[in-house]
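One structure below.
The values are calculated or read from the model by the stated rules, or taken from the named source; none is laboratory data. Computed from a prediction, not measured in an experiment: that's the story for all the values here. Neighbour counts run over all protein chains shown; Cβ positions are idealised from the backbone, glycine included. What goes into the accessible areas is simple: the full protein's heavy atoms, side chains included, and nothing from ligands, DNA or RNA. Shrake-Rupley method; radii C 1.70, N 1.55, O 1.52, S 1.80 Å.
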Amino acid sequence: MAVLSTLLLLGACARTDVGAPCHLENAQGAELTQQPGRQYLYLGSSECQSFACLGTASSGGGYCSQACSGSGGSCPSGLTCAQLALNQQYLDSMKARLSPDRYQQLFGQMGSTWYCVRGSQ
């Protein structure tokens, strides 16, 4: 019982890397050059505990993010919960084009369109 209590306390005090810099990568693993006005979500980033590296118009580079519960959802200080502008048509076309295993590998970690973002998007 004492071990479980200790683990729960350690989990409650755990630091997060949300907001820390990370590198956005393209499908070939090269650093991505952000285009103005676009949002980028790189799922699978080994630099982030949540495996989500996000780049937004106001970010000036990638930063670790995490899914959140929707408008007003909980995020670390300096970040707000906002819905990303994902292109559902693109996701549908990829799902039709790719094998189920490949689609799951590329997009399966995307459980939400709401992520912790810097500034107003």
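Here are the numbers for this structure:
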| quantity | calculated |
| --- | --- |
| Pick from segment 1-48, criterion aliphatic (A, V, I, L, M) and part of a helix (DSSP H, G or I), ranking: modelled with the highest pLDDT | A12 |
| Members of segment 92-121 found to be aromatic (F, W, Y) and either at pLDDT 80 or above or in a loop (DSSP other than H, G, I, E, B) (or both), listed by number | Y103, W114, Y115 |
| Residue check, A27 of a type in the set (A, V, I, L, M), free of Cβ contacts under 8 Å to residues at least 60 places away in the same chain, under 18 Å from T16 (Cβ atoms) and open to solvent by 50 Å² or more (accessible area, probe 1.4 Å) | no |
| The lone exception for S69 - which of (1) at pLDDT 90 or above; (2) open to solvent by less than 60 Å² (accessible area, probe 1.4 Å) it fails | (2) |
